Amino acid sequence: MIRQPFRRWRERTPGRRRSAALDRRTLVCPCHDATLFDLRNSWDEGYQHPETLKRATAVFMGPCQGKMCAKLVGNVVAELQGGGEPEQRRPSVRPPLFPVRMGDLVHEDEVGGGAA
Amino acid sequence: MTSAGEKVTFTFEGRTLTARRGQSVASALMQSGTTVLTRSFKYRRPRGYTCGYDVCGSCPVTVDGLPGVSACSTPVQGGESVDRERGWPSADRDVMRVSDLMAPLLPAGFQFRLFRSHPRLAHLAEKVMARVAGAGRFPTAEAAAATRTLTSTARPDVLVVGGGLSGCAAALGAASTGASVALVHRGPLGGRALARSGSAAWEGTTTPVAALAARLADEVRAHEAIDVLDGTALSWFETGVVPVVGGDRVVDMWPTQLVVATGSYDVPGLFPGNDKPGVVLADGVSKMLRVDGVVPWRRAVVLTDCERGDVLAAQLREAGVEVVAVVHQDGADGTLPGPRHLTGRIEAARGLKTLRAVDVRVGGRVETFDTDLLCVALRERPADDLALQWRYVSAGSPTSVAGGWSGAPVDEDGLAVVGSAAGWLEDDPEQARAVGEAVGARAAGVAR
Amino acid sequence: MTLPGVTAGPPASSYDVVIVGAGVQGLATAYELARRGVTNVAVVDRSWPGGGASGRNGEMIRSAFSSREWTQLFELSLKRFAELSAELDFNILFSPSGYLVLASTEEEVAGQDAIAAAQAAYGVETEVLGAAQVRKLVPHLNPDLALGGILQRKGGFAHHDAVVWGYLRAAARAGVSVFSGIDVLGVTTAGGRVTGVRTSAGDIAADVVVNAAGTTSDDLNQTVGVELPLIKARLEMIVTEPVKPFLSCALASPHMLGYCHQTARGEFVGGTERPGADETDSLNTTYHMLRDTATKWVKLFPSLAGVRILRSWAGTVSQTPDFAPVLGEAPGVPGYWLSVGWIYGFMGAPGAAQLLAEAITTGRVPDTMAPFGAQRLLDGRLIEENTLVVISEEAS
């Protein structure tokens, strides 16, 4: 019941501010809470390369390493680029492919030996 | 000793919960009414079950003192102690949720402007932020000690990474040529296909995909020439090694031929509130209903841009969930398949802590649907990470290689990509098997 | 545009100074030149600014070394790091949380007092810690390997990208032009003097050319016949998932050949080295270094065994036989300046840039910079520094 008038009020507020507020609630990278607003804002500031946009917003840098956000970031970059040649490069896929516990990679012989 | 499916108990934040041994921790928690599994990193937004396959990082819990364990992909063993790791006083009620209200002040990069003229304040702020950030605790040395492993080496003719429908078919194809085959897979062999609907052609008959995946998984397990490893491939490294980490061992694989059958990733939707608990990706929904056998939702809205929407709607109805709307994103104006189908876009996913309602813009108006599940069934993206790393190695650098936003099939000598990892739109196990046969023959040619 | 501050459009046909390489060295030098009134400067990079070793290092900062030369150069840098956020109007997240060089053997413990005394003589404050003090400062360390340490309280770490971005923005505001995506093909000379550079975007004239090209600096030297003993080497680091703060200071272990810190985000960032340089310019990380790094850090911090590695990165450097940088005008090529051979380049950039800009603008080589001239390598007069976390070929 409350919803209808509230929504109408929201729609009357100036378009840009409303869209910024909505963009802040639209998560591109759930790992680091990077939002659609963050991507657009950083792009407008000048981070207009996949690798620098990544470093500015921390997309691709959380536990999922881009598995969730790659397609979304690609779409947003394509949209922000406008009609130009679409960006073909994505930030690199670094090893390991999935998070791995450090203990799983210990050379047992070296640690077991205990030599300091 | 208990076997899979038997009733066991485990401790969750001091409470004793009952579950079936082998069901995922997340499904057991959701059965008990726990929908908020963690809090997000920066804004401390509530997060819940999302992808089902340990991809999204939205369900880390601490199990017996070890942080960062994926609740969605970790089976209940019985007797363990499970805690959520973020949020104070609890993940359900987190006072730091207030940071979300300050979001307009905290855009990405805000820290570079903060107190830049006051180094001492800046340093203090940094320390405070580090304490406040949504991160797991540093593990105890005892909990950490459990992770030690033993390393061995293997030199299979063919290494298949991914044991879904295509991976199993490719492994069987390669093994049929007399090649030695190793197959690496995380979780139950058969993979996402075990939870899928639909059918595929195999040996002259059309068979349901889920049943076929289970059958091929059995054949793979029974095959003498196929060594099955439960674990994950770390990467394709410069020297040609693919280390596999799983259980209590690391196996350094030096394959003659590599087959990438890593499948696909679900793609999230882009709309306000898209991270709320209750917004779940399609494969995560299928797995919860069909593998874990838990139905934690009553009503559902399905968002789709392809045929998966119908499939998921059918799965949900079959499980007794009321599908209140199927929203076709960017859909054509033509006839929609059913009365609850509509063309539009998600305006917002709403609900204070978990999903309560979805606003859908249809033409010029907005319709609100009360629901506790928004199933996102968009076209998947090939899981091409391993194939890309193959390219990085041949290029000598990871930064100059094009492709990979949405997947690029790669086929070079020594490498084959099959199934949805290669962008195949349909399940085609016979084609995967044929690729496996060719790769097996190629390996034999190299080895002998 | 690749970053805020990067110039749109092609370079002009001439500048007073052309700097090759928009890493932290090149950008800091450009900024320091502009501070001294030389603003008709172009910085040219083949990729995005900070895309090389400037964004692929351990982020750690100290000035407590064992030799006078290193200590004085890096002391200047450390002072600059503390001022930079305010000066550049950009928070570089410099965290003066302390820099601990860990002693893990009786031999290392025995040598501590002499090193600290030398550091005091060069004007750097350090404290020699006993085992109990080290364990109090870093409680999660393996007690068997925490026998002592030298702590420089003013040391710490900063955000490497932020330092690059801060310098870039400030230099651009002062009038410096920064171009990304342009390959410098060679240095041009006439009558033995520098006249400019040849680039993929055409020739650019300049009386002064600065080589700050990182890994590729030797390739540029070759185009003007400057022969220096530089070898390319790859260094690798790992990053874990964020965990609650457990390590407040930057930590180096000469015994393990490792260095690490925990970022403000909570990620543990650590690297290790192995005997001999990994002579390659590949930026892919390797399996044996991933295992080496994990093994050594778990040995030092047993609890890390339970923390997940999210990713690894590799950076390449161009190193000299004594691991010290080469700063100054190249022998025999007037107008051709070098800031090359860095393995501690992120840490040394603010100080080195200030010295280099002073030398270029005044023609006088500052005392602190003089020992790092190229001639030392040609004459075989190497700088002896004993607290580096590297191991030379001969020592292995």
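Computed from the coordinates by the stated procedures, all read-outs in this text should not be read as laboratory data. Quick caveat: nothing in here was measured; it's all calculated off a predicted structure. Here Cβ is always computed from backbone atoms with ideal geometry, including for glycine, and neighbour counts include all displayed protein chains.
Highest GNM mean-square fluctuation, chain C, Cα pairs closer than 10 Å: which of C:GLY52, C:GLY351, C:GLY306?
Among C:GLY52, C:GLY351, C:GLY306, the largest mean-square fluctuation in the Gaussian network model of chain C belongs to C:GLY306.
With chain B treated as a Gaussian network of Cα nodes joined by springs under 10 Å, which of B:THR354, B:THR371, B:THR140 yields the largest mean-square fluctuation?
Evaluated over chain B, the most mobile residue of the options is B:THR140.
Take the cross-link list B:LYS42/C:LYS154; B:LYS42/C:LYS296; A:LYS54/B:LYS42; A:LYS71/B:LYS127 and give me the ones stretching past 24 Å between alpha-carbons. Can you show the working numbers first?
Numbers: B:LYS42/C:LYS154 29 Å; B:LYS42/C:LYS296 31 Å; A:LYS54/B:LYS42 17 Å; A:LYS71/B:LYS127 34 Å.
From B:LYS42/C:LYS154; B:LYS42/C:LYS296; A:LYS54/B:LYS42; A:LYS71/B:LYS127, over 24 Å: B:LYS42/C:LYS154; B:LYS42/C:LYS296; A:LYS71/B:LYS127.
For A:TYR47, what is the net charge nearby, where nearby means another residue's Cβ is under 13 Å from its Cβ and Lys, Arg count +1, Asp, Glu -1? Display every interim value, and only then the final one.
Numbers: positive: A:ARG40, A:LYS54, A:ARG55, C:ARG169; negative: A:ASP38, A:ASP44, A:GLU45, A:GLU51, A:GLU87, C:ASP161.
For residues surrounding A:TYR47, the net value is -2.
Taking amide H atoms as placed 1.01 Å from N in the peptide plane, list the residues 5 or more away in sequence, or in a different chain, whose amide H sits under 5 Å from that of B:THR343.
Counting only residues 5 or more places away or on other chains, the set is B:HIS328.
Amide H to amide H, which residues 5 or more places from B:ASP275 or on other chains are under 5 Å from it, using H placed in the peptide plane?
A:LEU27
For the stretch C:193-204, what does the Karplus curve 6.51 cos²θ - 1.76 cosθ + 1.60, with θ = phi - 60°, yield as ³J(HN,Hα) per residue in whole Hz, taken in order and with x for Gly and Pro?
9, 5, 10, x, 10, 9, 10, 5, 10, x, 7, 10
Lysines within cross-link reach of C:LYS299: Cα-Cα under 25 Å, excluding same-chain residues under 8 positions apart?
Cross-link targets: C:LYS136, C:LYS244.
Using the number of other C-beta atoms within 10 angstrom as an exposure proxy, rank C:SER54, C:SER77, A:SER19 with the fewest first.
By the 10 Å Cβ count, ascending: A:SER19, C:SER77, C:SER54.
Quick check: Cα centre of the stretch B:218-252 to Cα centre of the stretch C:354-389, how many Å?
The two parts, judged by their Cα centres, are 52 Å apart.
Using alpha carbon centroids, what distance separates the stretch B:20-53 and the stretch C:39-109, in Å?
Computed from Cα coordinates, the inter-centre distance equals 42 Å.
Within 10 Å of each Cβ in B:263-272, how many Cβ atoms from other chains are there, averaged over the peptide? Please report the intermediate quantities before stating the final value.
Working: counts 0, 0, 6, 3, 6, 7, 2, 9, 5, 9.
Average neighbour count from other chains, rounded to a whole number: 5.
Between the helical axis of B:209-222 and the dominant principal axis of chain B, each derived from Cα atoms, what acute angle in degrees is found, rounded to the nearest 10?
On a 0 to 90 degree scale, this one is about 50.
From the phi of every residue in the stretch C:165-181, what ³J(HN,Hα) in whole Hz does the Karplus formula 6.51 cos²θ - 1.76 cosθ + 1.60 yield, where θ is phi - 60° and glycine or proline is x?
5, x, 4, 4, 4, 5, 5, 5, 4, 7, x, 6, 9, 10, 10, 10, x
Under the definition of partner shielding as Cβ atoms of other protein chains within 10 Å of a residue Cβ, what is the mean value for peptide B:113-124?
On the way: counts 3, 3, 3, 11, 5, 3, 11, 1, 0, 7, 9, 0.
Taking all residues of B:113-124 together, the mean is 5.
For chain B, what does -39500 (n - 2.57) per DSSP helix run (n ≥ 4), summed and divided by total residues, give at 222 nm, in deg cm²/dmol to the nearest 500?
Values: 10 runs with 105 residues, N = 448.
It comes out at -7000 deg cm²/dmol, rounded to the nearest 500.
Mind giving me the FRET efficiency for A:ASP44 and B:ASP370? R0 is 51 Å, r the Cβ-Cβ distance, nearest 0.05 is fine.
Details: r = 37 Å, r/R0 = 0.73.
The pair A:ASP44/B:ASP370 has a calculated efficiency of 0.85.
Compute the helix-to-body angle for C:68-88: its Cα long axis versus the longest principal axis of chain C, expressed 0 to 90° and rounded to tens.
For helix C:68-88, the angle is close to 80 degrees.
Would you calculate the separation in nanometres between label points at B:SER117 and B:ALA211, each defined as 7 Å from the Cα along the Cα-to-beta-carbon direction?
About 7.5 nm separates the two model spin labels.
Using alpha-carbon positions, what is the distance between the centroids of the stretch A:13-85 and the stretch B:97-149, in Å?
If you average the Cα positions of each part, the centres end up 21 Å apart.
Could you work out the helix-only [θ] at 222 nm for chain C, with each DSSP H run of four or more residues adding -39,500 (n - 2.57) and the total divided by the number of residues, to the nearest 500 deg cm²/dmol? Before the final figure, lay out each step's value.
Details: 9 runs with 113 residues, N = 396.
Value at 222 nm, helices only: -9000 deg cm²/dmol.
For B:LYS7, which aspartates and glutamates qualify as cross-link partners when the Cα separation must be under 16 Å and same-chain residues fewer than eight apart are set aside?
Answer for B:LYS7, where 16 Å is the Cα cut-off: B:GLU80, B:ASP292, listed by chain and number.
Which of C:TRP48, B:TRP202, B:TRP254 has the fewest other C-beta atoms within 10 Å, and how do the rest follow up to the most?
On the way: C:TRP48 24, B:TRP202 19, B:TRP254 14.
So the ranking, lowest neighbour count to highest, is B:TRP254, B:TRP202, C:TRP48.
Which one, C:LEU185, C:LEU73, C:LEU338, has the greatest fluctuation when you compute a Gaussian network model over chain C with C-alpha springs under 10 angstrom?
Answer for the Gaussian network model of chain C: C:LEU185.
Please turn the phi angles of the stretch B:428-440 into ³J(HN,Hα) values with the Karplus equation 6.51 cos²θ - 1.76 cosθ + 1.60 (θ = phi - 60°), one per residue in order, whole Hz, x for glycine and proline.
After applying 6.51 cos²θ - 1.76 cosθ + 1.60, I find 9, x, 5, 5, 4, 5, 4, 5, x, 4, 4, 5, x Hz.
Roughly what % of DSSP beta bridges within the stretch B:7-145 run antiparallel, to the nearest 5? Working shown, then result.
Details: 16 of 18 bridges.
The antiparallel proportion sits near 90 percent.
Please label the shape of the stretch A:24-87 as rounded, prolate or oblate, based on the square roots a ≥ b ≥ c of the eigenvalues of the alpha-carbon gyration tensor (a/c under 1.5 means rounded; beyond that, a/b larger than b/c means prolate, else oblate).
Numbers: a/c = 1.63, a/b = 1.47, b/c = 1.11.
Verdict is prolate for the stretch A:24-87.
Excluding B:GLY87 itself, what net charge comes from residues whose Cβ is under 12 Å from its Cβ, given Lys and Arg +1 and Asp and Glu -1?
Details: positive: B:ARG39, B:ARG44, B:ARG45, B:ARG47, B:ARG84, B:ARG86, B:ARG93, B:ARG97, B:LYS353; negative: B:GLU13, B:ASP83, B:GLU85, B:ASP92, B:ASP94.
Local charge sum for B:GLY87: +4.
Return one number: the angle in degrees, 0 to 90 and rounded to the nearest 10, between the long axis of the Cα atoms of helix B:308-318 and the longest principal axis of the Cα atoms of chain B.
80 degrees
For the protein assembly as shown, what proportion of DSSP beta bridges, expressed in % and rounded to the nearest 5, is antiparallel? Don't skip to the end; give the middle numbers.
Numbers: 92 of 153 bridges.
Given both bridge residues lie in the protein assembly as shown, the antiparallel proportion sits at roughly 60 percent.
Starting from the amide H of A:ALA34, placed 1.01 Å from N in the peptide plane, find each other amide H under 5 Å away whose residue is 5 or more places distant or on another chain.
Residues meeting the amide H criterion: A:VAL28, A:CYS29.
Most exposed first by the Cβ proxy, i.e. fewest other Cβ within 10 Å, how do B:THR205, B:THR149, C:THR29 rank?
B:THR205, B:THR149, C:THR29
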